[in-house]
Amino acid sequence: MIEWTFICLGLVFIFTSLWPSYKNTHHNRKPLKVALLGFLLLAISRLHLTNLWEVSNTAIGATLIAFAHYINWNLLRRIAKQKQ
């Protein structure tokens with residue numbers, strides 16, 4: 001139950017982080033899609049099919065979420081450079 005709470009809170013935090021950049025600045029859905037895929041993998045890792053299943057999906061999902069932030073940061077940086 002605690003794991004699902006953290007997944008849900010993470011979803012709220014990631015979209016409050018990524019959504020304003022998408023809406024107000026770069027209008028690129030890629031960071032949102034990558035983050036959503038990461039959270040999907042985190043959620044399916046909770047199925048507890050095997051230990052390898054859980055560990056691999058959790059690691060890949062977390063990496064995708066971090067990568068979504070990197071993509072977002074890169075898009076914001078590119079736009080800032082274009083405005084100079």
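Within region 37-84, count every residue that is among the polar types (S, T, N, Q) and part of a loop (DSSP other than H, G, I, E, B).
2
When the residues of region 67-84 are narrowed to those that are in contact with a helix residue (DSSP H, G or I) (Cβ under 8 Å, 6 or more places away or on another chain) and hydrophobic (A, V, I, L, M, F, W, C), which ends up farthest from Phe6 (Cα to Cα)?
Once the filter is applied, the top-ranked residue is Ile79.
Only one of Val34, Val12 is exposed (fewer than 13 other Cβ atoms within 10 Å of the Cβ) and within 11 Å of the chain's Cα centre (by Cα). Can you tell me which?
Unique residue meeting the criteria: Val12.
Please enumerate the residues belonging to region 34-54 that are within 19 Å of Phe67 (Cβ to Cβ) and either free of Cβ contacts under 8 Å to residues at least 12 places away in the same chain or touching an Asp or Glu at 6+ places or on another chain (Cβ under 7 Å) (or both).
Of everything in region 34-54, those that are within 19 Å of Phe67 (Cβ to Cβ) and either free of Cβ contacts under 8 Å to residues at least 12 places away in the same chain or touching an Asp or Glu at 6+ places or on another chain (Cβ under 7 Å) (or both) turn out to be Leu36, Ser45.
Looking at region 15-29, is at least one residue at pLDDT below 90, surrounded by 15 or more Cβ atoms within 10 Å (Cβ to Cβ) and touching a helix residue (DSSP H, G or I) at 6+ places or on another chain (Cβ under 9 Å)?
Checked region 15-29: at least one residue is at pLDDT below 90, surrounded by 15 or more Cβ atoms within 10 Å (Cβ to Cβ) and touching a helix residue (DSSP H, G or I) at 6+ places or on another chain (Cβ under 9 Å).
The values are calculated or read from the model by the stated rules, or taken from the named source; none is laboratory data. Bear in mind the structure is a predicted one, so any value in this text is a computation, not a measurement. Glycine gets a Cβ as well: all are built from the backbone with ideal geometry, and neighbour counts include every protein chain shown.
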